[in-house]
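The structure appears right after this line, and notes come after that.
The values are calculated or read from the model by the stated rules, or taken from the named source; none is laboratory data. If you're wondering where the values come from, they're calculated on a predicted model, not measured in any experiment. Using ideal geometry, Cβ is built from the backbone for each residue, glycine included, and neighbour counts are taken over all protein chains shown. Surface areas here come from the heavy atoms of the whole protein model, side chains and all, with no ligands, DNA or RNA. Shrake-Rupley method; radii C 1.70, N 1.55, O 1.52, S 1.80 Å.
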Amino acid sequence: AQSVTQLGSHVSVSEGALVLLRCNYSSSVPPYLFWYVQYPNQGLQLLLKYTSAATLVKGINGFEAEFKKSETSFHLTKPSAHMSDAAEYFCAVSGRGDDKIIFGKGTRLHILP
Amino acid sequence: GAGVSQSPRYKVAKRGQDVALRCDPISGHVSLFWYQQALGQGPEFLTYFQNEAQLDKSGLPSDRFFAERPEGSVSTLKIQRTQQEDSAVYLCASSSIPGQGAYEQYFGPGTRLTVT
């Protein structure tokens with residue numbers, strides 16, 4: 001069985017500051033890991049995914065995440081926050097061959113001017 | 001190209017009414033998924049289709065929930081005798097990769113269901 005835990009339901013950072021959203025996972029099989037972003041009244045958009053290739057994954061909009069097996073973590077970072085980054089972010093996990101994605105509860109990112 | 005579309009975008013139902021939510025996946029996508037997203041929560045898996053076959057319905061919360069995809073394209077999620085706890089956003093996603101649907105899923109905007 002798989003699960004994810006996102007630390008912090010709300011995170012606030014100043015514009016231009018580092019963004020760090022934390023995610024820890026649990027999986028009984030080698031995982032696929034994902035970060036999705038959801039803007040108000042919109043569906044989920046895939047930011048990036050880890051599928052057992054490079055442990056440092058680069059995604060869209062300047063985001064990246066690093067898979068750390070020893071820490072069972074997949075934290076999302078961005079060097080410099082932009083106002084347009086304000087949204088809800090979901091970490092998610094799946095196992096190879098699974099037909100479903102298990103989502104965390106989400107972290108709402110607030111950008112302070 | 002067109003993405004996943006869902007209709008209606010908003011639905012208000014009185015408790016006890018039946019509702020039907022529609023999903024149009026990306027053309028040619030064989031895999032289709034339904035998720036339920038309660039307020040302040042992440043999406044939770046409901047059911048999965050590969051073409052017209054419903055391969056996994058383990059997430060459907062009760063027998064009031066029913067999903068179909070008769071021709072392997074458009075899908076309908078039906079909720080009978082709606083209850084207040086059914087209030088949520090219902091998300092549809094599709095994937096071009098059969099059997100590996102978790103690898104790449106494209107989500108629609110969702111239908112927000114409010115049961116009064």
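If you take all other residues with their beta carbon under 9 Å from the beta carbon of A:GLN6, and give Lys and Arg +1 and Asp and Glu -1, the sum is +2. Note: relative contact order over chain B, using C-alpha pairs below 8 Å and six or more positions apart, is 36 percent. Between B:GLU52 and A:LYS105, the simple label model (points 7 Å from Cα in the Cβ direction) yields a spacing of 4.2 nm. Using a Gaussian network model on chain B with a 10 Å cutoff between Cα atoms, which of B:SER62, B:SER87, B:SER75 fluctuates the most? Judging by the Gaussian network model, the answer is B:SER62. Counting Lys and Arg as +1 and Asp and Glu as -1 over every other residue whose Cβ lies under 12 Å from the Cβ of B:SER73, the net charge comes to -2. Going by accessible surface with a 1.4 Å probe and the largest first, A:ARG22, B:ARG64 read A:ARG22, B:ARG64. Go ahead and set up a Gaussian network model of chain B, Cα springs under 10 Å, then flag whichever of B:PRO61, B:PRO25, B:PRO43 fluctuates most. In the Gaussian network model the winner is B:PRO61. All other residues with a Cβ under 15 Å from the Cβ of A:VAL57 taken together, and with Lys, Arg as +1 and Asp, Glu as -1, what is their net charge? Taking every Cβ under 15 Å from that of A:VAL57, the sum is +2. Phi-derived couplings, Karplus 6.51 cos²θ - 1.76 cosθ + 1.60 at θ = phi - 60°, listed residue by residue for the stretch A:65-75: 8, 10, 7, 10, 5, 5, 9, 6, 10, 8, 6 Hz, with x used for Gly and Pro. Given contacts defined as C-alpha pairs under 8 Å and at least six residues apart, what's the relative contact order of chain A, whole-number percent? Relative CO of chain A lands at 38 percent. Comparing B:LEU21, B:LEU39, B:LEU55 in a Gaussian network model of chain B (Cα springs below 10 Å), the most mobile by mean-square fluctuation is B:LEU39. Label separation (A:ARG96 vs A:LEU112): 4.4 nm, computed from points 7 Å beyond Cα along the C-beta direction.
Give the lysines reachable from A:LYS58 as a straight Cα distance under 30 Å; neighbours fewer than 8 places away on the same chain don't count. Correct list for A:LYS58: A:LYS49, A:LYS68, A:LYS69, A:LYS78, A:LYS100, A:LYS105. Note on exposure: A:ASP99, B:ASP63, B:ASP86 ranked by accessible area (1.4 Å probe, complete protein assembly) read B:ASP63, A:ASP99, B:ASP86, with the most exposed listed first. Just to be sure I understand: if I project the alpha-carbon convex hull of the protein assembly as shown onto a plane and average over all orientations, what area do I get in nm²? If I average the Cα hull's projected area over directions, I get 12.4 nm². Stretching B:SER27 away from B:ASP63 to a fully extended chain increases their span by 10.0 nm, per 0.36 nm per residue minus the current alpha-carbon distance. Per the Debye calculation on chain B with a single equal scatterer at every Cα and no solvent contribution, log₁₀ I(q)/I(0) for q = 0.20 Å⁻¹ amounts to -1.03. Sorting B:TYR10, A:TYR50 by accessible area puts them as B:TYR10, A:TYR50; the probe is 1.4 Å, largest comes first, and only protein heavy atoms count. Across the options B:ALA2, B:SER31, B:ASN51, the greatest Cα extent toward the positive end of the charge dipole of chain B (unit charges at beta carbon of Lys, Arg, Asp, Glu) belongs to B:ALA2.
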